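This report concerns only the one structure given below.
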Amino acid sequence: MPIADALVGGPDDAPFVDPGEQAQTLKFHFTPRDALAGEMERLQTENPHAKATWIVPKVLAALNEEFGDAILETVGYAGETTVFVETARLADVVQFLYDEVGFDYLTDIGTIDRFTEEDRFEVFYNLCALEAKKRIRLKVRVDEEDPTVPTITHVHPGANWHEREAWDMMGIRFEGLTDHRRIYMPEDFEYHPLRKEFPTLGIPGSLPLPANHPDGDLQADPFPRAHGQIPKDLDSD
């Protein structure tokens, strides 16, 4: 049976359970309104976002057979499957999942700053097989000294926007991406605001303002929390 066919129904269509470990069920906890009246019980509900995210074991077996040691780790949690991939083979894995397994839609790309000394960053890719209604998440670990990941725009052209955002906000470069223009911040902005060393309230003087005229240079904001507006008590007028 082709791998893509195995995604739809059949006895293999079951939640992935990590070997030797029972998959956990993610719970949301919240306090009901009547807690104000003295009832402090907390309600639990199963994660609704985990539905239809199960991935059949045959796909995981195919990945291990095709890529061997490049599949570093597989984690099952709350009905979701995350596969850690060797960074250098990421694009090959994405291409394989697209061509051979039917994961034809890139939901999004995100980044995590673990702020650790080794493999500080993680980049994750949420892929979806639309017809089979299945999902899988790929992750790569990225070293701070060389925060570079292969682009996947040749497989999913829409990744361009996500990769540019990851560069802009986290400083992750994508080898093979032809357009590293920033999305949110101006091109001459020297920081990546989602990195954990970036101050929550920003860096005074680093927020650029629009030029006074179309051909002028951007101005540095002396009052970043006021978005460039001079506080009234400092206004000479």
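Considering the stretch 85-99, the residues that are surrounded by fewer than 17 Cβ atoms within 10 Å (Cβ to Cβ) and touching a residue at least 40 places away in the same chain (Cβ under 8 Å) include one that is farthest from ILE152 (Cα to Cα), namely GLU86.
Condition first: among the hydroxyl-bearing types (Ser, Thr, Tyr) and assigned to a helix (DSSP H, G or I). Can you find one or more residues in the stretch 117-134 that meet it?
no
Matching residues to (1) within 27 Å of THR116 (Cα to Cα); (2) part of a strand (DSSP E or B); (3) modelled with pLDDT under 95:
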residue: ASP146; (1), (2), (3): yes, no, yes
residue: HIS154; (1), (2), (3): no, no, no
residue: PRO157; (1), (2), (3): no, no, no
residue: ASN160; (1), (2), (3): no, no, no
residue: ALA166; (1), (2), (3): yes, no, no
residue: HIS180; (1), (2), (3): yes, no, yes
residue: GLU187; (1), (2), (3): no, no, yes
residue: GLU190; (1), (2), (3): yes, no, yes
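Would you call LEU138 of a type in the set (A, V, I, L, M) and either surrounded by 16 or more Cβ atoms within 10 Å (Cβ to Cβ) or at pLDDT below 95 (or both)? So LEU138 fits the description; yes.
The set of residues in the stretch 151-199 that are surrounded by fewer than 18 Cβ atoms within 10 Å (Cβ to Cβ), among the acidic types (Asp, Glu) and closer than 26 Å to GLU86 by Cβ comprises GLU175, ASP179.
Yes or no, residue by residue, for (1) within 22 Å of GLY76 (Cβ to Cβ); (2) among the hydroxyl-bearing types (Ser, Thr, Tyr); (3) under 13 Å from the mean Cα position of the chain (by Cα):
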position	(1), (2), (3)
ALA132	yes, no, no
PRO150	no, no, no
TRP161	no, no, yes
GLU165	no, no, yes
MET169	no, no, yes
ILE172	no, no, yes
ARG182	no, no, no
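Cβ separations smaller than 6 Å between residues 6+ apart or across chains give the following pairs from the stretch 142-153 residues that are in the same structural domain as GLU165 (by TED's automatic domain parsing) to residues that are charged (D, E, K, R) and assigned to a strand (DSSP E or B): THR148/ARG173; THR148/GLU175; PRO150/GLU175.
Looking at the stretch 192-206, can you tell me whether even one residue there is of a type in the set (Lys, Arg), in contact with a helix residue (DSSP H, G or I) (Cβ under 8 Å, 6 or more places away or on another chain) and part of a strand (DSSP E or B)? Among the residues of the stretch 192-206, not one is of a type in the set (Lys, Arg), in contact with a helix residue (DSSP H, G or I) (Cβ under 8 Å, 6 or more places away or on another chain) and part of a strand (DSSP E or B), which makes the answer no. Once the stretch 55-82 is narrowed to residues that are at pLDDT 85 or above and hydroxyl-bearing (Ser, Thr, Tyr), the residue that is nearest to the chain's Cα centre (by Cα) is THR82.
The values are calculated or read from the model by the stated rules, or taken from the named source; none is laboratory data. Since this is a predicted model, take the numbers as computed values, not measurements. Note: ideal-geometry Cβ built from the backbone for every residue, glycine included; neighbour counts use all protein chains shown.
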